[in-house]
Amino acid sequence: KPDLVINTAAFTDVQKAQQNLKLSKKINYIGVKNLTEISKKNKIILIHISTDYVFYGKKNKSYTEKDKTIPKNYYGLSKLQGENYIKKNLKKYFIIRVSWLFGYGVNNFVFKILKKSKNKNQISVIENEYSSPTSAFDLSQVLFKMVYEIFINNNKKYGTYHYNSLDKKISRYQFAKIIFKSIKNDKYNTKIIKYKN
């Protein structure tokens with residue numbers, strides 16, 4: 001009987017979500033629906049990690065929590081369905097939307113870029129796709145602070161929030177350049193070519 005549950009589970013591979021609609025729906029919507037019902041029945045506070053893919057991505061400025069959600073693919077739709085079910089059925093919830101989450105593990109942009117560039121003279125990275133990278137470590141620190149605020153300071157401002165580690169938008173190409181500059185490893189001395197899709 002926990003007081004609070006943090007849901008970090010998700011089907012996050014955007015392309016595979018398009019190919020495997022049933023599994024994506026089971027994890028991103030049905031799983032969230034089940035957690036919501038359990039939370040409601042047992043009066044549990046639910047913190048749910050969501051995504052910027054609930055937006056279409058055509059806005060020139062950064063999206064705010066008040067902007068209309070219009071997903072442009074099935075991954076975004078399945079995540080939005082989970083969000084909407086929480087909002088409709090729970091009072092005690094926090095939805096945290098993040099973008100380009102990266103950290104230890106193989107299913108993120110940093111790992112994929114390094115793997116792709118290993119032993120290659122040059123790689124192509126998309127230039128006209130923009131967002132704000134989010135460190136999994138930074139996000140974990142924010143979640144710890146939230147739990148502290150909820151239970152120690154009794155600060156329970158429930159609702160939907162946006163969070164990322166960078167206070168500006170950058171392209172995939174710019175992100176790749178930052179990655180290589182940060183690691184400073186001759187093994188990844190790769191030329192990055194930008195292209196538009």
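Things to note:
- Test result for Lys26, under 20 Å from the mean Cα position of the chain (by Cα) and open to solvent by 80 Å² or more (accessible area, probe 1.4 Å): yes
- Test: residue in segment 49-56 that is crowded, with 21+ Cβ neighbours inside 10 Å and of a type in the set (S, T, N, Q): yes
- Every condition in (1) modelled with pLDDT of 95 or more; (2) under 15 Å from the mean Cα position of the chain (by Cα); (3) of a type outside the set (Val, Ile, Thr) is met by Lys88 except one, and the failing one is (2).
- Check on Lys1, exposed (fewer than 13 other Cβ atoms within 10 Å of the Cβ), out of contact with any strand residue (DSSP E or B) (no Cβ under 6 Å at 6 or more places or on another chain) and outside any helix (DSSP H, G or I): yes
- Taken as a whole, segment 57-72 holds at least one residue that is modelled with pLDDT under 95 and in contact with a helix residue (DSSP H, G or I) (Cβ under 7 Å, 6 or more places away or on another chain).
- Within segment 157-173, the set of residues being out of contact with any Ser or Thr (no Cβ under 8 Å at 6 or more places or on another chain), in contact (Cβ under 8 Å) with a residue 40 or more places away in the chain and open to solvent by 60 Å² or more (accessible area, probe 1.4 Å) comprises Tyr158, Tyr161.
- Condition met for Thr36 (surrounded by fewer than 18 Cβ atoms within 10 Å (Cβ to Cβ) and hydroxyl-bearing (Ser, Thr, Tyr)): no
- Of all the listed residues (Asp13, Asp67), the sole one being open to solvent by less than 70 Å² (accessible area, probe 1.4 Å), of a type in the set (D, E, K, R), touching a residue at least 12 places away in the same chain (Cβ under 8 Å) and more than 15 Å from Thr160 (Cβ to Cβ) is Asp13.
- Residue-level check: of (1) assigned to a loop (DSSP other than H, G, I, E, B); (2) modelled with pLDDT under 90; (3) more than 19 Å from Ser62 (Cα to Cα); (4) basic (Lys, Arg), Lys168 misses just (3).
- Filtered by the rule that a residue be farther than 29 Å from Ile178 by Cα, open to solvent by less than 70 Å² (accessible area, probe 1.4 Å), charged (D, E, K, R) and not in a helix (DSSP H, G or I), segment 75-99 gives no residues.
- Among residues of segment 100-131 being in a loop (DSSP other than H, G, I, E, B), of a type in the set (S, T, N, Q) and open to solvent by 30 Å² or more (accessible area, probe 1.4 Å), the one that is modelled with the lowest pLDDT is Asn119.
- Screening Lys72 against (1) touching a Ser or Thr at 6+ places or on another chain (Cβ under 9 Å); (2) exposed (fewer than 15 other Cβ atoms within 10 Å of the Cβ) leaves a single unmet condition, (1).
- Hey, Val142 open to solvent by less than 50 Å² (accessible area, probe 1.4 Å), under 19 Å from Gln15 (Cβ atoms) and β-branched (Val, Ile, Thr) or not: no
The values are calculated or read from the model by the stated rules, or taken from the named source; none is laboratory data. As the structure is a prediction and not an experimental result, all values here were calculated from the model. Ideal geometry is used to build each Cβ from the backbone, glycine not excepted, and the neighbour counts take in all protein chains shown. Heavy atoms of the whole protein, side chains included, go into the accessibility calculation; ligands, DNA and RNA do not. Shrake-Rupley method; radii C 1.70, N 1.55, O 1.52, S 1.80 Å.
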